[in-house]
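No lab work stands behind these numbers, since they all come straight from the coordinates. This is a predicted model, so every value here is computed, not measured. Every residue, glycine among them, receives a Cβ derived from its backbone with ideal geometry; neighbour counts consider all protein chains shown.
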Amino acid sequence: MGRVPAYGQLLVFDEDTVYGVHVFTERVRVRRGFTPGGRGYRIFARDLDSAGGRNEDTWSAHIPVRVRGMVLADHTLFVAGSPDVVPADDPLAAFEGRRGGELWAIGGADGKRLGEVQHLDAPPVYDGLIAANGRLFLSTIDGRISCFGARN
């Protein structure tokens, strides 16, 4: 991965591609910033074989989720976090976990949303996703671990 300049708040990779999350994508005066309830977080994919100085994203998309966990399994990128909303009656609700969480499945090849679990009772802990044996495990801030995947 030393050949590919990629940065982000979370990164995962396989043999061919690095995937990441950018939170601070907006210009705020002379710095990068983020506006809650705006465009959301930017997820991206970049080829690891970027010889010749090409450092372009294969795909990128903004999603309305404050991504706190990300894992790659079988060419599917799973991201989880609280919704990127700012309700007028309780502006800190999503940030503090009172709006629950969301889990999205995203195609690794093209960045298209494959599916989602729209409402989780609580958002994930930071980096709280893991994939193993055809299953996805999610650890949430309320101390629970959920398992998604094949049943035997």
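Mind giving me the nanometre distance, one decimal, between the label points for CYS147 and ALA88, set 7 Å out from Cα along Cα→Cβ?
4.5 nm
If we sort 90-101, 64-75 on the protection proxy, mean other Cβ atoms within 10 Å, highest first, what's the order?
Numbers: 90-101: 16.7, 64-75: 19.7.
Those peptides, ordered most packed to least, come out 64-75, 90-101.
Which cross-chain or sequence-distant (5 or more) residues have an amide H under 5 Å from the amide H of GLY81, H modelled 1.01 Å from N in plane?
When sequence neighbours closer than 5 places are left aside, the close amide H contacts are ARG68, GLU102.
When ranked by the protection proxy of mean other Cβ atoms within 10 Å per residue, highest first, what sequence do the peptides 129-135, 39-45 form?
In descending order of packing, they fall as 39-45, 129-135.
Taking the Cβ of HIS62 as the centre, find all other residues whose Cβ is under 10 Å away and add up their charges (Lys, Arg: +1; Asp, Glu: -1).
Details: positive: ARG39, ARG42; negative: ASP84.
So the environment of HIS62 carries a net charge of +1.
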